[in-house]
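Enquirer: Can you keep this structure in mind? I'll have questions shortly.
The values are calculated or read from the model by the stated rules, or taken from the named source; none is laboratory data. Predicted, not measured: the structure shown is a model, and the values here were computed from it. Here the Cβ positions follow ideal geometry from the backbone for every residue, glycine too, while neighbour counts run over all protein chains shown.
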C-alpha cells in the first residue's frame, strides 16, 4: 500500500529526484509586466496546473534546473521556476509481512 503526503512549495525549491504536481502560478510579482509573458511561456512548454514534474538535475551553481514534465526534459532558469507553486508528492511504501 502507498500513502502520499503533500506540501506546497515553489518548484525552484524542490530537490533533485523529488516529484510534485503543479498547482498554480505566482500571482504577485515585482515583475508584474513580464509575469503574464512568463506564465504563457511556461504553459506552452507543458507546465500547466495538474501536470506532474520531477526535478532531474540542478546545475553546479544552482541555475538552470532540469525537470521532467509532459514526457520530456525541460531546462528552466531558477527565476522562472520560482513562479510555479507545486505540491510535493512523497510516496512511502508500506511493507506488510
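Enquirer: Could you run through the range 56-97 and say how many residues are surrounded by fewer than 12 Cβ atoms within 10 Å (Cβ to Cβ) and touching a helix residue (DSSP H, G or I) at 6+ places or on another chain (Cβ under 8 Å)?
Expert: Residues that pass the stated criteria total 1.
Enquirer: Looking at the range 2-35 only, could you name the residues that are in a helix (DSSP H, G or I) and either exposed (fewer than 11 other Cβ atoms within 10 Å of the Cβ) or modelled with pLDDT of 80 or more (or both)?
Expert: We begin by selecting, within the range 2-35, every residue in a helix (DSSP H, G or I); these are 11-13, 32-35.
11, 12, 13, 32, 33, listed by residue number.
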